[in-house]
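Remarks on the structure that follows.
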Amino acid sequence: MATTPERLPVPWEQCAGEILYRLAHGGVLCTVIDQAGRPNVLTLGWGLFGPSYHGHPICVIAITPLRYSWRFIEEVPEFVLAIPDDSLAPAVDLCGTRSGREMDKFAASGLTPVPSLHVRPPSILQCPLNVECRVYTRVQPPHFLLTPEHRQRPVGEQHTIYFAEVLGLYRWAR
Ligand SMILES: Cc1cc2nc3c(=O)[nH]c(=O)nc-3n(C[C@H](O)[C@H](O)[C@H](O)COP(=O)(O)O)c2cc1C
């Protein structure tokens, strides 16, 4: 992995709008890692982000077992939401349409993984904001958390919902 520039912590309420905006407009990147230490990255559009009654804000994502990344987050229940800007649209598109089964998506998209501070999956150097998350509970289908269309699929293809505490939110000092 590349060397890491200095990080500036960001209060969650100052970047919640940016995270939700990017989720709704093209998607955000999400890094995961497996037990062997191999990272992968995919694009996510379903997500929740907000305050919680305990110390950390919460972040909720949904990943179906159809994704290569699903086994990774099941093995290591941590992830980083790497929030892109407009310049990263081609990389976000690639990570949301191609699978880590067939390629190294970091190399293919030009995204640079760098070590995170609190979790094992990497942060992404080119993303202006990285959100380090640790899963504290997961909800498996059947559930009523997604749309009726999702619920019509076979249960084994429906999304697992991951509730995570946000351990760190950082921008790069540059
Ligand atoms: C804009 C966008 C949003 C997406 N949101 C999700 C999502 O919330 N959950 C999910 O499981 N897949 C989502 N996907 C699909 C995955 O990103 C895609 O299937 C990806 O190729 C999976 O990579 P992997 O096989 O390496 O895990 C989304 C794709 C795009 C383009």
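The values are calculated or read from the model by the stated rules, or taken from the named source; none is laboratory data. Please read these numbers as outputs of a predicted model, since none were measured by experiment. Methodologically, a virtual Cβ is constructed for each residue, glycine included, from the backbone with ideal geometry; neighbour enumeration extends over all protein chains shown.
So here's what we get for this one:
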| quantity | calculated |
| --- | --- |
| Meets criteria (part of a loop (DSSP other than H, G, I, E, B), at pLDDT 95 or above, touching a helix residue (DSSP H, G or I) at 6+ places or on another chain (Cβ under 6 Å) and aliphatic (A, V, I, L, M)) for residue 94 | no |
| Top-ranked residue of the stretch 52-81 - restricted to ones that are among the small types (Gly, Ala, Ser) and more than 8 Å from the ligand (Cβ to nearest atom), ranked as surrounded by the most Cβ atoms within 10 Å (Cβ to Cβ) | 52 |
| Single residue of the stretch 6-38 satisfying the filter (more than 13 Å from residue 83 (Cβ to Cβ) and under 12 Å from the mean Cα position of the chain (by Cα)) that is surrounded by the fewest Cβ atoms within 10 Å (Cβ to Cβ) | 33 |
| Enumeration of residues in the stretch 82-141 that are acidic (Asp, Glu), within 11 Å of the ligand (Cβ to nearest atom) and surrounded by 14 or more Cβ atoms within 10 Å (Cβ to Cβ) | 93 |
| Residue list for the stretch 4-44, restricted to those being within 16 Å of the ligand (Cβ to nearest atom), small (Gly, Ala, Ser) and either touching a Leu at 6+ places or on another chain (Cβ under 7 Å) or at positive phi (or both) | 26, 27 |
| Residue list for the stretch 140-174, filter: of a type outside the set (A, V, I, L, M) and in a strand (DSSP E or B) | 160, 162, 163, 165, 168, 170, 171, 172 |
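Yes/no matrix, rows are residues, columns are (1) at pLDDT 95 or above; (2) not in a helix (DSSP H, G or I):
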| position | (1), (2) |
| --- | --- |
| 5 | no, yes |
| 37 | yes, yes |
| 41 | yes, yes |
| 71 | yes, no |
